[in-house]
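Structure first, then comments.
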Amino acid sequence: MTAKAVAEANTNIALVKYWGKNDDHFNLPAVPSLSLTLAGLRTRTEVSFEADLASDRLLLNEHEVTGEPLAKVSRHLDRVMRDLGVAARASALVRSHNNFPTAAGLASSASAFAALSVAAAGALRPGFVLDDAARRRLAVLARQGSGSAARSLYGGVVVLGTGTPGQVDSARASQVLRETDWPELRLVIGVASESAKDTGSTDGMKHTAATSPYFAPFVAAAPADLRQAMTAVQSRDLEALGHVAERSALRMHASALAADPAVVYLRGATIEGLHALRALRRRGIAAFFTCDAGPHPKALTHARDADAVAAALAAVPGVLRTIIAAPGPGARLIEDSGP
Ligand code: ADP
Ligand code: DP6
């Protein structure tokens, strides 16, 4: 007997960065974060529970994946099962497709664990409906798979709190603006590598927290960053939001660079991208730098300037191509077919 469901989720990019945990076991972030869910960059995942499978399998972009990525998926399926009060499950065939580079600093774990959470719930619970309450609950589960994944349950601008150590459901995601509330916002990505990075975000942030003398100041500054970003979002003030976003990203990287040994995601293209955006600002174009656990320079800007910003990033040596993304939707169930 087979029970399967398909779900999609889009990636999100943090404008106020999550970096570091205050509880490893429940994966509670050390700082609050604010993100923009991106249209067009998505994971599509089918979860199929099959009685004749000996163990869980993960096919990622048509390739069989084993080891820790598969183990994380298995643990997540168990987590969703327990939360739904389902006593047991058959082994699962998980087929997932990212339409953008995986593990390269474009937040594939965010869209991946958001889509996996929804597809697993759809397959485990016949007639599952992704209403507000289910979305809230799945965001708590997705956060345990990957912190940033909680934010991909929602579209538009999303906030994720920090939570109380030991309390699994204490760090929650919530929507601040729907994707239609600020439709002119754009995130331009200068793709500087198509391959996986050396240090994943989980390891990078743990090592930073353990060894960087700049980690505590980063954490201390985060609540003010969030407050200012929230005010800017409420008033649709791109300049103010961009200013905070650039500051938050650079402080995150400063804390990582001060780790021992240093965690270095920045490449030449990243720094040249930052300078290119600052040069655009001097010409009156509002474009603000951000960067995650990877080399890609990214820019927050207005739709009317997006082509000019993309052209400026495309001219940076080391930038291979550019992507322009508008605010995108939250995770959704595409189809389900219970037993
Ligand atoms: P990224 O910058 O892409 O988010 P991370 O290091 O945070 O990089 O996460 C990458 C990891 O997320 C991968 O190594 C894999 O374990 C997991 N992942 C990415 N995409 C998928 C997917 N579609 N299904 C399951 N796991 C995935
Ligand atoms: C730099 O959510 O990938 O993208 O919770 O360990 O899976 P885990 O980390 P992850 O880290 C995201 C780090 C970031 C900033 C952000 O998205 O807020």
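Nothing in this text is a laboratory measurement; each read-out follows from the coordinates by a stated rule. Bear in mind the structure is a predicted one, so any value in this text is a computation, not a measurement. FYI the Cβ positions are ideal-geometry reconstructions off the backbone, even for glycines, and counts take in every protein chain you see.
Legend: calculated FRET efficiency, I271 to A88, from the Cβ-Cβ distance at R0 = 51 Å, rounded to 0.05, equals 0.45. Can you classify the stretch 185-325 as rounded, prolate or oblate using the Cα gyration tensor, where a ≥ b ≥ c are the square roots of its eigenvalues, rounded means a/c under 1.5, and otherwise it's prolate if a/b beats b/c and oblate if not? Because a/c hits 1.5 or more and a/b fails to exceed b/c, the stretch 185-325 counts as oblate.
Summarising the label geometry, the points placed 7 Å from Cα in the beta-carbon direction at R281 and N99 lie 3.2 nm from one another. Backbone amide hydrogens, once placed in the peptide plane, bring L41 within less than 5 Å of T11, excluding anything fewer than 5 places away on its chain. Which shape class applies to the chain: rounded if a/c is under 1.5, otherwise prolate when a/b exceeds b/c and oblate if not, where a ≥ b ≥ c are the square roots of the Cα gyration tensor eigenvalues? It comes out prolate by the Cα gyration axes.
Remark on E179: its backbone amide H falls under 5 Å from those of G156, a criterion applied only to residues 5 or more positions apart or on other chains, H modelled at 1.01 Å from N. Can you tell me the FRET efficiency between A262 and S195 if r is taken as the Cβ-Cβ distance and R0 is 25 Å, rounded to the nearest 0.05? After rounding, the FRET efficiency stands at 0.75.
A helix-only calculation puts the chain at -12000 deg cm²/dmol for mean residue ellipticity at 222 nm, using -39500 (n - 2.57) for each DSSP H run of at least four residues, averaged over all residues.
Karplus-based coupling profile of the stretch 106-123, in residue order and whole Hz: 10, 6, 5, 5, 5, 5, 4, 6, 5, 5, 4, 4, 5, 5, 5, 4, x, 7, with θ = phi - 60° in 6.51 cos²θ - 1.76 cosθ + 1.60 and x standing for Gly or Pro.
Within the chain, DSSP assigns beta bridges of which about 95% are antiparallel (rounded to the nearest 5).
Each Cα pair under 8 Å and six or more residues apart adds its separation to the average, and for the stretch 142-195 the resulting relative contact order is 28 percent. Maximal additional length on extending the D132-H63 stretch stands at 21.4 nm, based on 0.36 nm per residue less the C-alpha distance.
By the gyration tensor of its Cα atoms, with a ≥ b ≥ c the square roots of the eigenvalues, what is the shape of the stretch 66-202: rounded for a/c under 1.5, prolate for a/b over b/c, or oblate? Note, shape of the stretch 66-202 comes out oblate. Taking 7 Å steps out from each Cα toward its Cβ at T180 and T2 produces label points 3.6 nm apart.
The calculated FRET efficiency for E239 paired with A315, based on their beta-carbon distance and R0 = 35 Å, is about 0.90. Across the stretch 2-181, Cα pairs under 8 Å and at least six residues apart give a relative contact order of 29 percent. Couplings 3J(HN,Hα) of the stretch 244-249, computed from phi: 5, 4, 5, 5, 4, 5 Hz, in residue order, whole Hz [Karplus 6.51 cos²θ - 1.76 cosθ + 1.60, θ = phi - 60°; x for Gly and Pro]. Relative contact order of the stretch 152-238: 19 percent, from C-alpha pairs under 8 Å at least 6 residues apart in sequence.
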